[in-house]
Structures are given as C-alpha cells and as structure tokens.
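The values are calculated or read from the model by the stated rules, or taken from the named source; none is laboratory data. Computed from a predicted model, the values in this text were never measured in an experiment. Virtual Cβ from ideal backbone geometry, glycine too; neighbours counted across all protein chains shown. Keep in mind that these areas ignore ligands, DNA and RNA; they rest on the heavy atoms of the full protein, side chains included. Shrake-Rupley method; radii C 1.70, N 1.55, O 1.52, S 1.80 Å.
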Amino acid sequence: MVDTRLCGKSEELAKPYPVVGHLVDSAMVCGSVWDHVLAEGQRSRVVEALGVDVLEARRIVMFWAGLHDLGKIIPSFQRMLLKARPARSGFLGEAAYAHDRRADSTVGRIRHESATHAALPQLLARLGYPAAGGRPAKLLAVQVAQILGGHHGRYPADNDPRDLRNPCARMPELGSGAWAEQRQQHAEALYEVLGRPAAPNACALSPTTAVVVAGMVNRL
C-alpha cells in the first residue's frame, strides 16, 4: 500500500504534498507535452524505437516521466522536507525505520535524482523490462534510469550492474526494508494508474531519441 505520508513537495504549500500525487501529476503533464509540444516526427521516432503503437508509446513515456522523483523516497530527503525523522511522523512504525540505520545520517546524504538513477533499473526489471543480455548500459531500463537521474541537469554515468539486483548493496543511503518496499509500491501504483504500460522489448534508445525523451520527462 502506498504511504501518502511520504512527502514529494512542500515549498510554498500549506501542507506537504504526497510523493504519489507528484508522480501522477508529472505523468499527466508529460502526456500533454506529447500531445501539444512534440512534433509529429519526434513522436514517430519514439514510437519506432519502442516498437509499439503511438498510444502505447505515449503511456510508456508518461510512466517514465512520473518515475523521475521516485528517489524522494529515501530517509535523508524525507527528513529534509518534513524536518523530522519519518518514524516520528508515523512512517511505517519505529521498528521498520530502525531496521535500516545504515541509511540514516551515519552514511551521509545523496541527492534524490541520484537515488532515482540507482533504484530504477531493478524496479523496471520487476515490471518486465529486460534485465539481461550484454552490458547493463545496453539495457533500456538502465538508460531510462540515466535519463531520469539527470532531471536536474547533470546526467549520471552508467549504472553499476548490482543496481539490477540490489541497489542498496552499493548505496545504503537509499534505505532498504520499508523504504525499498515503498519505492516499489509507488512505481506499481503509477503503473496501474496509467493502465499498465507495456514493457518495451527494445534495446537502448539512440542518442537522438534519448534527447527527445529527456526533453519530455525532465524538469517536471
């Protein structure tokens, strides 16, 4: 179950706005960009790259856009926004949070877009995206993670191969246990809201197509 106490936005708001609301909002905005901003040739390029029809391509890119801030579901980001430890606000109980002390301040902070980059390949693989077949950099799930990991303007390097199996192993700041479960629950909830977009069996996007996708999904 998605925990709506996880905060996605708070600046200039009367009360914190849930992560899940922000993910859905971002997906809807991306759909409008697809409809009203992209040129026909740009849409056709994405459709061809994904190997699906135009409506399914639209839903897939909306799904990616909605996932861009999934990395806000980490202990350090939630503390920063809520000015309190999530356990004290009732987030999944004291025991669940205490279970993952490695993700607390003892290991430092990471930026939320870096968390999205690290966590996403495994989550997409669980939704049917290919997780094998050559170097990770050649996998669409990894490329999508890199695109979304650059949504504040600085694109990350290749994902570590471990990110497809257990990203918390190399980046404990992500938070395992209840934190990892909530990232998965949020991704699955968005997936259902958008009608379960297909998992493309495509290889990585060409640089030109990746730029078009980045322009739609970033800075939301």
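Multiply the residue separation of residue 162 and residue 54 by 0.36 nm, subtract the distance between their alpha-carbon atoms, and state the gained length in nm to one decimal. Mind showing how you got there, number by number?
Details: separation 108, 0.36 × 108 = 38.88 nm, distance 3.32 nm.
Full extension from residue 162 to residue 54 adds 35.6 nm.
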Check: Between residue 11 and residue 188, what is the FRET efficiency for a Förster distance of 25 Å, r being their Cβ-Cβ separation, to the nearest 0.05?
Finding: 0.35
Next item on the list: Could you tell me the accessible area of residue 188 in Å² (1.4 Å probe, neighbours in place), rounded to the nearest ten?
Entry: 70
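Could you please put 165, 43, 59, 183 in sequence from largest to smallest accessible area, using a 1.4 Å probe?
Details: 165 155, 43 40, 59 65, 183 10 Å².
Largest accessible area first, the residues go 165, 59, 43, 183.
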Notebook entry, point to check: Measuring from a point 7 Å past the Cα of residue 2 along Cα-to-C-beta, which residues in the range 51-80 have an amide N at less than 16 Å?
Noted result: 62-74
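Please say if the range 1-62 is rounded, prolate or oblate, where rounded means a/c under 1.5 for a ≥ b ≥ c the square roots of the C-alpha gyration tensor eigenvalues, and otherwise the choice is prolate for a/b larger than b/c and oblate otherwise? Walk me through the numbers on the way to the answer.
Values: a/c = 4.75, a/b = 2.30, b/c = 2.07.
Prolate shape, in that a/c is at least 1.5 and a/b is the bigger ratio.
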Item checked: Added length on full extension, which subtracts the Cα-Cα distance from 0.36 nm per residue, residue 35 to residue 79 -> 12.1 nm
Notebook entry, point to check: Just how much of residue 147 is accessible, in Å², when a 1.4 Å probe is used and the result is rounded to the nearest 10?
Noted result: 10
Next item on the list: Mind jotting down the distance between the C-alpha centroids of the range 1-35 and the range 164-193, whole Å?
Entry: 17
